[in-house]
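Values in this text are rule-based calculations from the coordinates and carry no lab data. None of these values were measured; they are calculated from a predicted model. Glycine gets a Cβ as well: all are built from the backbone with ideal geometry, and neighbour counts include every protein chain shown.
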Amino acid sequence: MEERIIIAGSGGQGVQTLGFLLAEVGMSDKKRVTWLPSYGAEKRGGFSFCHVVISDQEIYSPYIESPDTLLLFDQRALNTYKDYVLNHTLVIENSSLIKEDTVVNGKKVSIPATDIANSILFTQAANTVMAGAYFALKTIFHVENALKVMRAVLVKKSKQIFEKNEKALYQGFNFIKENYQYV
């Protein structure tokens, strides 16, 4: 098993945090992982992306040319990575911020992650909503394992922060289960 994931958006949207979370979940499941973050010097608002590889085997390069999954947070991310989409690629896009969709290959799933995060009064959790969507679509890991890792990562934050993130994760997970029959 090898899962190659590219996550892209703007600085401040939680792109790097989501990549880190997926890598941590992979490690907790005794997989081999790489996490290759990249962002502009300006960070907030600048283009941000990361490559995550999760595998049972040795990983020879953290760089991804043909992703199995693309998680796209905004229009700029879609415009940048649309040519990376192959027939086998799963594209999970934040439809709250992607209005002009030009993906022609792959399997596309749209989730209004920012709108969902806003509806639970926790805008910062759009990345966690996207994580929930990922865990619903890709059954590599159980969502409960992700919650354990989130709890460990957020141990220094308040209980309320964890609870909001947990709610956001399940909102994304349930949105997919309710809106996509092939899952």
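Of note:
- Computed over the stretch 2-179: relative contact order in percent, which uses C-alpha pairs under 8 Å that are six or more apart: 20
- Segment Asn79-Thr123, extension gain: residue separation times 0.36 nm, minus the distance between their alpha carbons: 13.5 nm
- Neighbour counts of C-beta atoms inside 10 Å place Leu121, Leu18, Leu90 in the sequence Leu121, Leu90, Leu18, starting with the fewest.
- Neighbour cut-off at most 13 other Cβ (10 Å), DSSP loop, chymotrypsin sites (Phe, Trp or Tyr not before Pro), the stretch 48-104: Tyr60, Tyr63
- Only the Cβ atoms of Lys and Arg (+1) and of Asp and Glu (-1) were treated as charged; on that basis the dipole of the chain about its Cα centre amounts to roughly 560 debye.
- Here the gap between Phe162 and Asp115, fully extended at 0.36 nm per residue and compared with their Cα-Cα distance, gives a gain of 15.0 nm.
- For the stretch 62-153, alpha-carbon Rg relative to the globular expectation (2.2 N^0.38 Å, N residues): 1.11
- Bridgeable lysines around Lys30 (alpha carbons under 19 Å apart, same-chain partners fewer than 8 residues away excluded): Lys138, Lys148.
- Selection of chymotrypsin sites (Phe, Trp or Tyr not before Pro), the stretch 139-183, meeting DSSP coil and at most 15 other Cβ within 10 Å: Tyr180, Tyr182
- Prolate/oblate/rounded label for the chain (Cα gyration tensor, a/c 1.5): rounded
- Once both labels are positioned 7 Å from their Cα atoms along Cα-to-Cβ, the gap between Ser28 and Val155 label points is 1.2 nm.
- The order of Met130, Met27, Met150, Met1, going from fewest to most other C-beta atoms within 10 Å of their C-beta, is Met1, Met27, Met150, Met130.
- Neighbour counting of Cβ atoms within 10 Å sorts the residues Ile64, Ile116, fewest neighbours leading, into Ile64, Ile116.
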